[in-house]
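The values are calculated or read from the model by the stated rules, or taken from the named source; none is laboratory data. For clarity, every value in this text was computed on a predicted model and none was experimentally measured. Note that we place each Cβ from the backbone using ideal geometry, even for glycine, and neighbour counts take in every protein chain shown.
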Amino acid sequence: MQKLSLREMAYIGVFAALMTALGYVEIPLPFSPVPITGQTFGVMLAGALLGSRLGFLALAVFDLIGLVFPVFAGGSGGPGVFAGPTGGYILSWPLAAWLIGYLTEQVPRPSFLRIFGANVLGGILVVYTLGVTQLALVAHIDLLPAIAKGALPFIPGDLIKCAVAAVAAQRLAAHRLVPRQAGAQS
Amino acid sequence: MLRDITLGQYIPGTSLLHRLDPRTKILGSILYILALFIVDDLPGYLVITVFSLVLVALSGLPWRYVLRGVRPIFYIVLFTLVLNFFLTPGRVVWELGPLKATEEGIRLGIFMGWRLLLLVLTTSLLTLTSSPIALTDGIEYLLTPFRGLGVPAHELAMMMTIALRFIPTLLEETDKIMKAQMARGADFETGNIVQRARGMIPLLVPLFVGAFRRADDLATAMEARCYRGGVGRTRLRELKFAARDYVALAVSVLLVAFSLADRLLP
């Protein structure tokens, strides 16, 4: 792996902290006991803003923190969460951010549709494929009830989140926060 | 509101679990999870349950506090129980309309739910009995042998430390931005789901802009102080295994050996 510059490390560390803060931003849903949290926004924006390499690392560092600290939404964390029924979602995040980053960095100024599409593929497809698989394995249930419980209730909300995250990513790109292949100045 | 949240549930203390090396506790937790997923019958579960309860007792923490950690997974345990009761094929023992609970299902459901409860209960002891700094150090030490494979151990630990340092700052900032936007008329509390999701934009944009600015400042400050990365860097705290750590690790390995025996022997 290419050595990380100090500036890249700072971005990754602060982004992982940002993920924790986003876990406390909740939109309660009227029809589900599980609220929408800001952390999925974080995963999508990590890919779109930091790019594939840094996005992957930011979420990997966040997961590593979650291995020992309660940083996931709702204040959970620890090795038990990874082995538990919801561990697949958490483990899928670095991959999701990588894919979103990869798809959006193909063009210099990605359009709304491209970011939205990348968010759907990474933030929904990758996350739920891994998440539901682990849910089914750990809770020892069939795939269909696992999808009904672990994916379907969230997908409408997640599609909206994909769109909102794409809008936010475009606005943030205008701020030129991160040199996409970062570390140029350091 | 957001400011009330304290990260880390670490409760300082002097119990045996508190004094163990953080590496021992991390490795021990992983071995424990392994054993928990291997055992598959009543005696196995009973032994592991007794083991878990002994650990909680050794931690010297109030039971009430440890049990509180189990609350978030209550629904998932319930869901596991119910689905396994009714969806496992086997001898029907109870019928409720079209739903048929089977003997095998009840057995399996109870074991699975029990396993999830123990999983969360026991692994929460890790964060309850170790300080954040000890845990980060522990992870860095544990990752160091993998440096040859391209795992940047020191860098990962440094990024974790940066993240932990900034979590309270960013929580406070999130709170501040929410209040500032509400003062400008932003509405985070009402409307349908689309409106609420869109309401996140005025929160997300300033939050990210601020966070990246902080990251930039931090990098500049570290450069100005000649931070050079992990090579040749000395540490304030050196981790050292004591006799109790070897004993604890041996007990963890024995637990895994027991669970294997439980699984393989009839």
### Task
Run down B:Leu143, B:Leu119, B:Leu135 and say which single residue is in a helix (DSSP H, G or I) and either surrounded by fewer than 17 Cβ atoms within 10 Å (Cβ to Cβ) or assigned by TED's automatic domain parsing to the domain that holds B:Leu78 (or both).
B:Leu119
### Query
If you take the residues in segment A:102-121 that are surrounded by fewer than 24 Cβ atoms within 10 Å (Cβ to Cβ) and among the small types (Gly, Ala, Ser), which one is farthest from A:Ala168 (Cα to Cα)?
A:Gly117
### Task
Please work out which one of (1) in a helix (DSSP H, G or I); (2) surrounded by fewer than 14 Cβ atoms within 10 Å (Cβ to Cβ); (3) at pLDDT below 90 is the condition B:Leu171 fails and give its number.
(2)
### Query
What is the number of the single condition among (1) touching a helix residue (DSSP H, G or I) at 6+ places or on another chain (Cβ under 6 Å); (2) under 30 Å from A:Leu6 (Cα atoms); (3) modelled with pLDDT of 85 or more that A:Phe82 does not meet?
(1)
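May I ask you to verify whether B:Leu171 is among the aliphatic types (A, V, I, L, M) and within 21 Å of A:Gly23 (Cβ to Cβ)? Show your work before the answer.
Numbers: among the aliphatic types (A, V, I, L, M): yes; within 21 Å of A:Gly23 (Cβ to Cβ): yes.
Yes: the conditions hold for B:Leu171.
Is there a residue being buried (at least 17 other Cβ atoms within 10 Å of the Cβ), part of a helix (DSSP H, G or I) and not aromatic (Phe, Trp, Tyr) anywhere in segment B:232-244?
At the first step, the residues of segment B:232-244 found to be buried (at least 17 other Cβ atoms within 10 Å of the Cβ) are none.
No, because not a single residue in segment B:232-244 is buried (at least 17 other Cβ atoms within 10 Å of the Cβ), part of a helix (DSSP H, G or I) and not aromatic (Phe, Trp, Tyr).
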### Message
Within segment B:1-101, considering only helices (runs of 4 or more DSSP H) that don't extend past its boundaries, which have at least 3 residues that are under 12 Å from B:Leu126 (Cβ atoms) and either more than 16 Å from the chain's Cα centre (by Cα) or of a type in the set (Val, Ile, Thr) (or both)?
### Response
B:22-38
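Select the helices (runs of 4 or more DSSP H) contained entirely in segment A:86-165, then report the ones holding at least 3 residues which are in contact (Cβ under 8 Å) with a residue 40 or more places away in the chain, touching a Leu at 6+ places or on another chain (Cβ under 8 Å) and away from chain B (no Cβ under 14 Å).
Working: elements: A:87-104, A:112-119, A:127-138, A:143-150.
Answer list for segment A:86-165: A:87-104.
Let me confirm something: among B:Thr88, B:Thr102, which residue is within 11 Å of another protein chain (Cβ to nearest Cβ), of a type in the set (Ser, Thr, Tyr) and touching a strand residue (DSSP E or B) at 6+ places or on another chain (Cβ under 6 Å)?
Values: B:Thr102 fails: within 11 Å of another protein chain (Cβ to nearest Cβ).
Criteria check complete, one pass: B:Thr88.
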